[in-house]
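All remarks here apply to the structure that follows.
Only the coordinates and a few stated rules stand behind these numbers; no lab work does. The model shown is predicted, which means the values in this text are computed figures rather than measured ones. Cβ placement follows ideal geometry from the backbone for every residue including glycine, while neighbour counts extend to all protein chains displayed.
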Amino acid sequence: MGLWQKLKGEFIDIIEWLDPTQNTMAFRFERHNNEIKNGAKLTVRESQVAVFINEGQIADVFSPGMYTLTTENMPILSTLKGWKYGFNSPFKAEVYFINTKQFTDLKWGTPNPIMLRDPEFGPIRIRAFGIYSIQVEDATKFIRGVVGTDGNFTSEKITEQLKNIAITRFSDAIGESKLPVLDMASNYNEISAFCETKIGPDYAEYGIKMTKFLIANISLPKNVEDALDKRSSIGIIGDLNKFTQYQTGEAMTAAANNPAGGGAAAGMGMGMGFGMANQMMGAMGQQQQPQQSQQPQQSPQTGPPPVPPALTFFMVVNGQQAGPYDINTLTTMAANNQLMRETLVWRQGMAAWIAADQVPELANVFAATPPPLPPVG
């Protein structure tokens, strides 16, 4: 340092701080053995507070404005220094500038799931995250409780502590609310406001005010979300019986329109579609029987007896069992050469598989079907 710079820096005429960062909360006005003289200019900009500290003790606090330092506007420091009638000699004091702007977009989130007892799902785990904003409200309390002797205090040095406080109070608030998980999304504003009141006193101990607390999302574990999606899908489908009938019809249409298998495949697909439809309708009938059995019995009425069940047969196709098929389906399959006279068939009550043309009930199936052509002599 040159002699002129040293002499020039002996006495400070202007005290100010221009913040070149976006995260500095407290800054100590740096100097090298400099002293402040009577009549020095102090500039405190908007969103700043200047705090004078004398020998480790907080003295005068200056709000935004421009000041000429005299004993009149430094009453505490004048008392500490013993300036009863003003001062003429320079003095030494630390000057801290406190940034009072809002620090926004500070993120919080639950590091581990929160255990809850949901009234609908029972014990369940949730995660949550969001943002919050803070502002220094009491500069002296902030220096005493947080900054200490740090000459360049940034928001990162306090946000971890503030975030942990926010998570703790949020977990307590969400547990006290007793809200079902499915209703939390419609109450984000109310939960956020409640959390602000819970967190406020804790932050005030550091001289900090929480200006905003927002919940961005509350989520469930993925397996629970998948289960909810399935449950919602079932609710959207509605009548399962009608949906099953619709799916069966779609499958039959797709099989009939399949060009890869030609006419034989179309006939087989149609026959298997009819058989599948019969099976599913039978299953739905069995499901409805218990429901009907719960209804009170009515008095017997005169009338014709119930229609006997349709006669159905199983058949062997490519070495595998297929069916059962009713007579109408088998007639269609015979016309498409999918049911041959030598095809093995079986129905309930038969002792073994036998050729189709040996079953009396299937005689009409082959009545309109000509026999195979004789071999050319």
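Near W108, the amide H atoms lying under 5 Å from its own belong to G130, I131, Y132; only residues 5 or more places off or on other chains count, and H is placed 1.01 Å from N. Where does the charge balance sit around E120 when Lys and Arg score +1, Asp and Glu -1, over other residues with C-beta under 14 Å from its C-beta? Result for the neighbourhood of E120: +1. Annotation for region 114-134 versus region 142-199: alpha-carbon center distance of 14 Å. Listed by chain and number, the lysines placed with their C-alpha closer than 24 angstrom to that of K37 are K6, K8, K81, K84, K92; residues fewer than eight positions away on the same chain are left out.
Name the chymotrypsin sites (Phe, Trp or Tyr not before Pro) in region 35-105 that are in a loop by DSSP and that have at most 13 other C-beta atoms within 10 Å, would you?
Those that pass, being in a loop and sparsely packed, are Y85.
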